[in-house]
Amino acid sequence: MQIKLPFLKTNKKATKENITLHRENIPGHVAIIMDGNGRWANKRGLPRVAGHKEGMSNVKKIVSAASNLGVKVLTLYAFSTENWRRPKTEVDYLMKLPMEFLNTYLPELIEKNVKVQTIGDFLALPEHTRKAVQHAKDKTAENSGLVLNIALNYGSRDEIIRAMKAMTGEIVNGQLEADDIDEDLFSRYLFTDDIGDPDLLIRTSGEQRLSNFLLWQSAYTEFWFTDVLWPDFSEQLFEKALSDYQQRKRRYGGI
Ligand code: IPE
Ligand code: IPE
Ligand code: MG
């Protein structure tokens, strides 16, 4: 079955293209590095935090699009373990955003049957951030629709070190044999244990790097980059990314 989509307008060039998505090949897990909020604000002579606010309202649109298209898991990189290096005022603002987002959109997420989860070092977040996010997790725990997985204070290297420590601890306790460690077992010690690897990874803003995002999990992920800044990233571009994904041939080392 095909989903016919309206004419696509890409942001800058206003070129039109008709995109068709095949329902049976929608990527189950899409991850997005939502980058470019600061530059979006800079270009308008606004403070960086204005870009973050605009970026936050864009999240709602893309969550909605992902849910409507039948994506199962949407992982959004919201704050990295390295983002603490930013000025305190910006970090403080970013730590308030989940609360603002959920205050505004939680009812809609519930209505859409979205389940909120997080990956990352949750306990190191400020209490007010944790509270707001935990409330959303609790309220949506039984939902069976799109999993909205927010990478909050997430760093892939931190995640891998944690997994190593947990496994080493179990070996010392005699609960685990070093010989039993394989790729599947290792994956179970990661934050992504229950959600698995992304099929498609999108990064906005023109940067083409992972910035410590899902290093282990993206071994065979398809990458899709756009110069468009996150606050300008539209549903149409999201559909375009999915449609390009459907043209790719995933080989996993085979032929
Ligand atoms: C992404 O936008 C949001 C976060 C990293 C929290 P940036 O804030 O990195 O925006 P640029 O890259 O400076 O434009
Ligand atoms: C990655 O973006 C983190 C998030 C989008 C949350 P950054 O803007 O922090 O990445 P670098 O510093 O450009 O690599
Ligand atoms: Mg950035």
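The values are calculated or read from the model by the stated rules, or taken from the named source; none is laboratory data. Nothing here was measured: the structure is a model prediction, and the numbers come from that model. Using ideal geometry, Cβ is built from the backbone for each residue, glycine included, and neighbour counts are taken over all protein chains shown.
Worth a mention:
- As a summary of the residue check, residue 204 satisfies the conditions (1) touching a helix residue (DSSP H, G or I) at 6+ places or on another chain (Cβ under 7 Å); (2) more than 14 Å from ligand 3 (Cβ to nearest atom); (3) within 16 Å of residue 34 (Cα to Cα); (4) not basic (Lys, Arg) except for the one numbered (2).
- Residue that is surrounded by the most Cβ atoms within 10 Å (Cβ to Cβ), among those in the range 19-56 that are at pLDDT 95 or above and among the polar types (S, T, N, Q): 37
- Positions within the range 64-111 being among the aliphatic types (A, V, I, L, M) and away from ligand 2 (no atom under 16 Å from the Cβ), in sequence order: 65, 66, 69, 71, 73, 99, 102, 106, 109, 110
- 3 or more residues in contact (Cβ under 8 Å) with a residue 40 or more places away in the chain and surrounded by 14 or more Cβ atoms within 10 Å (Cβ to Cβ): qualifying helices (runs of 4 or more DSSP H) within the range 153-249: 156-172, 235-247
- Only a single item in (1) away from ligand 1 (no atom under 15 Å from the Cβ); (2) over 18 Å from residue 211 (Cβ atoms); (3) touching a Ser or Thr at 6+ places or on another chain (Cβ under 9 Å) is not met by residue 158, and it is number (2).
- Selection status of residue 195, among the β-branched types (Val, Ile, Thr), in contact with a strand residue (DSSP E or B) (Cβ under 6 Å, 6 or more places away or on another chain) and within 16 Å of ligand 3 (Cβ to nearest atom): no
- Meets criteria (in a loop (DSSP other than H, G, I, E, B) and surrounded by fewer than 18 Cβ atoms within 10 Å (Cβ to Cβ)) for residue 100: no
- The residue list 88, 112 contains one member that is in contact (Cβ under 8 Å) with a residue 24 or more places away in the chain and surrounded by fewer than 20 Cβ atoms within 10 Å (Cβ to Cβ), which is 112.
- Test: residue 104 is polar (S, T, N, Q) and farther than 25 Å from residue 203 by Cβ: yes
- Annotation: residue 81 fulfils all but one of (1) without any contact (Cβ under 8 Å) to a residue 24 or more places away in the chain; (2) touching a helix residue (DSSP H, G or I) at 6+ places or on another chain (Cβ under 7 Å); (3) polar (S, T, N, Q); the unmet one is (1).
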